[in-house]
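Asker: Quick one: the structure is below, and I'll ask about it shortly.
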Amino acid sequence: MSIWDRIADALAALVAGEPLASVFDRLRGSAERSVGFTIAVIALGAKLAKADGQVTRDEVATFRRVFTIDEAEAANAARVYNLARQDVTGFDAYARKVRAMFGEGDRQMLIDVLEGLFLIALADGQYHPNEDEYLGEVARIFGLDDGCFASLRARFIDGLGHDPHDVLGVAHDAPLEEIRKAWRQAVKENHPDAMLARGVPPEALRLAERRLIDINRAWDEIRTRVAA
């Protein structure tokens, strides 16, 4: 059964008139983590689309910033998007349910969700101040600190300036060995196998590809400066 079949089953379990946010209350246990991740990114992405006042983006193209979606499965992805977009429930309620579903100790999975949202925010080639405010609030609800959010912004938003120290989450005056340790840990945590182990579906592993490129580039920049 594909991830999209499992999502269709989760949606079918909703009572008539019940908001999409209720689906998170039913997704419990490790077997449902990939379903929860996928619905979380799409649902919060649908709310994000309203943040900059532009709700006419091509939905499937937006999803494909994060997920590999077969043409046959596009309808299921669009259904999740439309349910969330039409739901009057605020994005903050969605974010709280996502945090509760993954648990207080599952910080990395919440970072994965937020990273998917950054990709969706950039789907139209722009990063609106309202999108920055939205993503910052989602990060706060997820319990992610300012340093984590700054690291994601440094990687994704060129207009804010690329700082390799922010990407690796280290202080500018940190010794090289400490930075090397942070780089190695980041590579370990963001390897595709590690992401699969914590529940990110294979359809979303392009997140790992993008992340590892940024992490390795940051380390190369720092060690080159030190050696110069």
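The values are calculated or read from the model by the stated rules, or taken from the named source; none is laboratory data. What you are looking at is a predicted structure, and each value in this text was computed from that prediction instead of being measured. No Cβ is skipped: glycine too gets one built from the backbone with ideal geometry, and neighbour counts run over all protein chains shown.
Asker: Enumerate the pairs (first residue in the range 9-29 and farther than 13 Å from Val98 by Cα; second residue anywhere and at pLDDT below 85 and not small (Gly, Ala, Ser)) with beta-carbon separation below 6 Å, excluding pairs fewer than 6 apart on the same chain, so at least 6 apart or on different chains.
Answerer: Qualifying pairs under 6 Å: Pro19/Asp87; Pro19/Thr89.
Residues checked against (1) within 19 Å of Arg64 (Cα to Cα); (2) exposed (fewer than 15 other Cβ atoms within 10 Å of the Cβ); (3) modelled with pLDDT of 85 or more; (4) in contact with a Ser or Thr (Cβ under 8 Å, 6 or more places away or on another chain):
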residue	(1), (2), (3), (4)
Leu114	yes, no, yes, no
Ile120	yes, no, yes, yes
Ala123	yes, no, no, yes
Arg140	no, yes, yes, no
Gly143	no, yes, yes, no
Asp158	no, yes, no, no
His162	no, no, no, no
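Asker: What's the total number of residues in the range 71-106 that are touching a residue at least 40 places away in the same chain (Cβ under 8 Å) and either part of a helix (DSSP H, G or I) or surrounded by 20 or more Cβ atoms within 10 Å (Cβ to Cβ) (or both)?
Answerer: The number of residues fulfilling the criteria is 19.
Asker: Something else about it: Within the range 47-78, track down each residue that is among the charged types (D, E, K, R) and at pLDDT below 85.
Answerer: Step one: of the range 47-78, the residues among the charged types (D, E, K, R) are 47, 50, 52, 57-59, 64-65, 70-71, 73.
Across the range 47-78, the qualifying residues are Lys50, Asp52, Arg57, Asp58, Glu59, Arg64, Arg65, Asp70, Glu71, Glu73.
Asker: Which one of Asp193, Asp166 is of a type in the set (Asp, Glu) and either under 17 Å from Met109 (Cα atoms) or surrounded by fewer than 13 Cβ atoms within 10 Å (Cβ to Cβ) (or both)?
Answerer: Asp193
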